[in-house]
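All remarks here apply to the structure that follows.
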Amino acid sequence: MGSQQITVQSTINADNKKVWDYYNQPEHITHWNFASDDWQCPWAKIDLRVGGKYSARMEAKDGSFGFEFEATYDKVIDQKLIGYTMEDGRKATVEFESLGNNTQVTVKFDAENENSIEMQQGGWQAILDNFKKYVESR
């Protein structure tokens, strides 16, 4: 298990409810849950409750590589916090802080040991940036 925790963050120009909904509804997740334009998220399944599962397919558009990201929710506080455990035992939290008409989203996750800290942080930040772009364009 990775022993270091990584944080990525973005302030999104949208109210807390919209940000929460777009982050947690499969019909929206498929539009933003990838780090670059040559990737896609064809499907996502969510059971947003403690003990519920999250699952999403992430793959290169050319079909050269892909994987399913799966986790189990440990904590859900509506419009405030999500905590989950990934299949390999690593933990993550997503905090939603209302700042009036804006919402700050902070994701903290345990690093894995295969890729560099910089690569992991860059990838997760790119996904969060893609989320920001998607929400603000709707």
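Yes or no, residue by residue, for (1) under 22 Å from Lys80 (Cβ atoms); (2) of a type outside the set (D, E, K, R):
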| position | (1), (2) |
| --- | --- |
| Lys17 | yes, no |
| His28 | yes, yes |
| His31 | no, yes |
| Asp38 | no, no |
| Cys41 | no, yes |
| Ala44 | yes, yes |
| Asp47 | yes, no |
| Gly52 | yes, yes |
| Ala60 | no, yes |
If I go through region 89-126 residue by residue, how many of them are polar (S, T, N, Q), open to solvent by 40 Å² or more (accessible area, probe 1.4 Å) and under 13 Å from the mean Cα position of the chain (by Cα)?
3
Output the strands (runs of 3 or more DSSP E) that fall wholly within region 1-64 and possess 2 or more residues being over 19 Å from Gln121 (Cα atoms), or say none.
39-46, 53-60
The residue that is nearest to the chain's Cα centre (by Cα), considering only those in region 1-47 that are crowded, with 16+ Cβ neighbours inside 10 Å and of a type in the set (Ser, Thr, Tyr), is Tyr23
I need a count of the residues in region 71-88 that are open to solvent by 30 Å² or more (accessible area, probe 1.4 Å), in contact (Cβ under 8 Å) with a residue 40 or more places away in the chain and farther than 19 Å from Arg57 by Cα.
2
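The values are calculated or read from the model by the stated rules, or taken from the named source; none is laboratory data. Just so it is clear, the structure is predicted and the values come from calculations on it, not from any experiment. Neighbour counts are summed over all protein chains in view; Cβ atoms, including those assigned to glycine, are modelled from backbone coordinates with ideal geometry. For accessibility, only protein heavy atoms count, side chains too; no ligands or nucleic acids. Shrake-Rupley method; radii C 1.70, N 1.55, O 1.52, S 1.80 Å.
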